[in-house]
Amino acid sequence: VNLYGTRRRIERIFADSLDRVRRLVELKIDPMRALARPSRYWRSPFDALATLPRRVRSGPVLAREIPLSSLPRVTGWPGDGGPFITLPLVYTQHPEKRGHNLGMYRMQVYDERTTGMHWQTHKQGAEHYRRRFKAGEKRMDVAVAIGADPAVMYSAILPLPPDLDEMMIAGVLRDRKSTRLNSSHGY
């Protein structure tokens, strides 16, 4: 319970890689920092290059539907509208650009095949949906994973700049490349 509940737990999971992630985020926000303090950022280009996601054509993707009632669901508060899947990794694609987002958004279970997405207005998944809705689309395809490597789960909850790849951050945290499935839908 609460895998990331304390700083000590996070540090035990990711050892020294948290500082490397912090430096990558700092450089994404302000690349000129590298010129001002080259000794602090000397390893960052190597971290970024060595951990770019690896694309594959196939992988362990579920090929059949599973009833949502077979998944862990939580009704956390008496006023909740029903049960929620509370730790799903939700992958969305930007409707206009090549970018994507991996976030962790609660999903309210309506029936065996339908959920509603609970995303806060400032999150990138919500921004992807707003852009699609504005273009006349009422629904948006998403890919959802339940259960993953702790580094992937942690990177999905980090408040990263919009165009910083969560899978790259997971690679830095794990100190190796992460895998992204390449399919006709881009998921």
- Pull up region 92-111, narrow it to residues that are among the charged types (D, E, K, R) and out of contact with any Asp or Glu (no Cβ under 9 Å at 6 or more places or on another chain), then point me to the one that is most open to solvent (accessible area, probe 1.4 Å). Arg98
- Does any residue of region 102-122 turn out to be part of a helix (DSSP H, G or I) and touching a Gly at 6+ places or on another chain (Cβ under 8 Å)? no
- Query: Has region 140-162 got at least one residue that is of a type outside the set (Ser, Thr, Tyr), touching a residue at least 24 places away in the same chain (Cβ under 8 Å), within 23 Å of Arg9 (Cβ to Cβ) and assigned to a strand (DSSP E or B)?
  - Reply: yes
- Task: Take region 115-135 and flag every residue that is open to solvent by 40 Å² or more (accessible area, probe 1.4 Å), more than 17 Å from Pro159 (Cβ to Cβ) and without any contact (Cβ under 8 Å) to a residue 12 or more places away in the chain.
- Result: Arg130, Phe133, Lys134
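The values are calculated or read from the model by the stated rules, or taken from the named source; none is laboratory data. Everything numeric here is computed off the predicted structure, so don't read it as measured data. Glycine gets a Cβ as well: all are built from the backbone with ideal geometry, and neighbour counts include every protein chain shown. With ligands, DNA and RNA removed, areas are computed over all heavy atoms of the protein, side chains included. Shrake-Rupley method; radii C 1.70, N 1.55, O 1.52, S 1.80 Å.
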